[in-house]
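Student: Below you will find the structure I want to go over with you.
Readers should treat all values here as calculations from the given coordinates under stated rules, not as data from a laboratory. Keep in mind that this is a model prediction, so the values were computed, not measured. Backbone-built Cβ (ideal geometry, glycine too); neighbour counts: all protein chains shown.
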Amino acid sequence: MSWINLLAPVRLHIPDGFLSTTVSLVGWLLAVGAIGYALRQTRGQLGSRQIPLMGVLAAFIFAAQAINFPVAGGTSGHLLGGTLAAIVLGPWAAVLVMTAVIGVQALLFQDGGLLALGFNIVNMGVLTAFTGHFAFQLLKRILGEGRTSLLVGGALGAWVSVMAGAAATAVELAASGASPLGVALPAMAGVHALIGIGEALITVGALAFIYASRRDLLDLGARAPAKAAANWVIVGLGIALSVAVFSFAASPHPDGLERVAADAGFLGRALGPVYTLLPNYAIPGISNQVVSGVLAVVLGTLVVFGITWALARRQRRLGA
Amino acid sequence: MLHIDLADQYRRGSSRVHRLDPRVKLAGAVLFIVVASALPAGAWGAYGLLFAATLVVAALTGLGAGFALKRSFVALPFALAAISLPFTVAGRPLAQFGPLVVSVEGTVRFASILIKSWLSVQMAIVMTFTTAFPDLLWGLRALRLPPALVAIVSFMYRYLFVLADEALRLMRARASRSGAGAPGRRAGGSLWWRGKVAGGMVGNLTLRAFERSERIHASMTARGFQGEIRMLATPVLTDRDWNALVGWVTFLAMTALIGFVF
């Protein structure tokens, strides 16, 4: 398990220098759009409470990220917080809270770069808030209102949000020529599949605590505006994806990808034992390392979702 | 990872860098980082000029030429994200370890990324250490960031230390209730149990933060707050600020030219 120790510091805060200037600017455009829309939405939702509530809760997320628990081999589980914020406050308010957290981390502690801040906000603020929110909504639709759907949806949302952030980071690094996608994606996704479990455990614990002591708070998130959100986020993801694909096509160094395919991914081999379900994090029979890496992430997410769904069905039948 | 080391990084001083307008320092640092990022791989001469600039600016702050250097290794662990480049970029072979070939081009690109990242961090450190955070926020607002966003970040900064203290109290309470096992033996219950305890702490902190924000909002409303944070008129930049800005931009433009042409 020692490789986890080695890779654990590779978190999602991208420092300056790793993203190319073009990729960084695309990140800023996406972030500015999301923040501007979030400011208008939460203003309508919260009125004069907007500033004190968002500010104090941003300080809360920052402090909560320090609460950790030992997992194994010297690693610890801790919180990113996007999903928890999205469930308690609604997705747009969560975007603002996470933006403040990530911005202060960059400005005050050099945790993540200034030019890279745009994509750091998109990866850890916007993506985590919306994947968490959608997973939670989905479970609520399947299971109906209640404690089970809250906790199962929270766990699924938390895990998926960390994976989405990690996968997006890998794509951005690859589009910048800082790492071939065939290496970055399996490495980031593999490490964060475990980190995501810590995120899910803490999120569920926190939601259970809030549900037990102040259930009324959860109404705020449930009533938050999010309908218009879906389209915006899909448009944003579409832009990000097409830019990534475009930069691959236009990249002056398209060599990395083929080279990895030829070298048969040394990192994938080193990580081998972890992926007993999907050997080398690649699906046999598909030769292109990248395509099969992406497929593996999608498949992994579907498997987790399937298990969660089955558990949820069973819970409901027991409850009925 | 643990930011509870929350001593503000700002160092009081009255150097020329300290006295610059926060807008100039922000724009200067961001421009520096943009130039560093845009430079092509392997532009060693330009990297050297930028490094010399960080040393000169650091010396001008009165905090010592090496102070930013000493603190600039925070981004280093992220280098792992690019560590495969020397092996995966095709090019002239430099060395061979079994089946892995290290290429010259890959090594140059990897080294360039590290140097750019390291230079950018140093300039960000100089800015943070010479500008009080409230001044930085004022500068951001004067540079037309949305006032609501700046107000949210100001509130966050105001209550950061309060909530970090609450988190520390929770962690101290957990530590004092948990027996530490013999070295090498794990303390506490199963992974699930430990996660649940940490989650309960976060949930507890959520409620405290929520209720605190309700009290703050009530007292703000009682004092006449209607949802807008007002700001005094922004002062104009002095000649000294303009000179610094023009000199800095000229230097960066020349560095970029050297980096792209040579």
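Student: Please report, in cubic angstrom per residue, the volume enclosed by the convex hull of the alpha-carbon atoms of region B:125-262.
Tutor: Each residue corresponds to 234 Å³ of Cα convex hull volume.
Student: Hey, got a sec? Which chymotrypsin sites (Phe, Trp or Tyr not before Pro) in region B:23-129 land in a DSSP loop and have at most 12 other Cβ atoms within 10 Å?
Tutor: Counting only loop positions with at most 12 other Cβ atoms within 10 Å, the chymotrypsin sites (Phe, Trp or Tyr not before Pro) in region B:23-129 are B:Phe73.
Student: For peptide A:158-167, what's the mean number of Cβ atoms from other chains within 10 Å of each residue's Cβ?
Tutor: 0
Student: Please give me, ordered by residue number, the trypsin sites (Lys or Arg not before Pro) of region B:57-149 that lie in loop per DSSP and have at most 11 other Cβ atoms within 10 Å.
Tutor: B:Arg144
Student: Same structure, new question: Test of understanding: what is the full-extension gain from B:Met231 to B:Leu55, defined as 0.36 nm times their sequence separation minus their Cα-Cα distance?
Tutor: 59.8 nm
Student: Hey, fewest Cβ within 10 Å first, where do A:Ser76, B:Ser37 land in order?
Tutor: A:Ser76, B:Ser37
Student: Classify region B:36-92 as rounded, prolate or oblate, taking a ≥ b ≥ c as the square roots of the eigenvalues of its Cα gyration tensor: rounded when a/c is under 1.5, otherwise prolate if a/b is larger than b/c and oblate if not.
Tutor: Here region B:36-92 falls in the oblate category.
Student: FRET efficiency for B:Arg144 and B:Arg169, Cβ-Cβ distance as r, R0 = 45 Å, nearest 0.05?
Tutor: Step by step, r from the Cβ atoms, then E = 0.70.
Student: Just flag the trypsin sites (Lys or Arg not before Pro) in region B:182-262 sitting in loop per DSSP whose Cβ has no more than 16 other Cβ atoms within 10 Å.
Tutor: B:Arg185, B:Arg186, B:Arg223, B:Arg230
Student: In nanometres, what is the gap between the two model label sites at B:Leu100 and B:Trp44, each 7 Å from Cα along Cα-to-Cβ?
Tutor: Calculated label separation equals 2.4 nm.
Student: Could you compute the net charge surrounding B:Tyr47? Neighbours are other residues with a C-beta less than 15 Å from the C-beta of B:Tyr47; K and R count +1, D and E count -1.
Tutor: Charge balance in the 15 Å sphere: +1.
Student: For region B:47-126, what does the equivalent ellipsoid look like in terms of its semi-axes, each the square root of 5 times an eigenvalue of the Cα gyration tensor, given largest first in whole Å?
Tutor: For region B:47-126, the ellipsoid semi-axes come out as 32, 12, 8 Å.
Student: Highest GNM mean-square fluctuation, chain B, Cα pairs closer than 10 Å: which of B:Thr130, B:Thr221, B:Thr88?
Tutor: B:Thr221
Student: Relative contact order of chain B: what whole-number percent is it, with Cα pairs under 8 angstrom and at least 6 residues apart?
Tutor: 29 percent
Student: Further question: For the pair A:Arg147 and A:Leu217, how long in nm is the line joining their label points, each one 7 Å along Cα→Cβ?
Tutor: The two pseudo-label positions are separated by 1.7 nm.
Student: Something else: When ranked by the protection proxy of mean other Cβ atoms within 10 Å per residue, highest first, what sequence do the peptides A:117-126, B:55-64 form?
Tutor: A:117-126, B:55-64
Student: Cα convex hull of chain B: mean projected area in nm², to one decimal?
Tutor: Dividing the Cα hull surface by four gives the mean projection, 21.2 nm².
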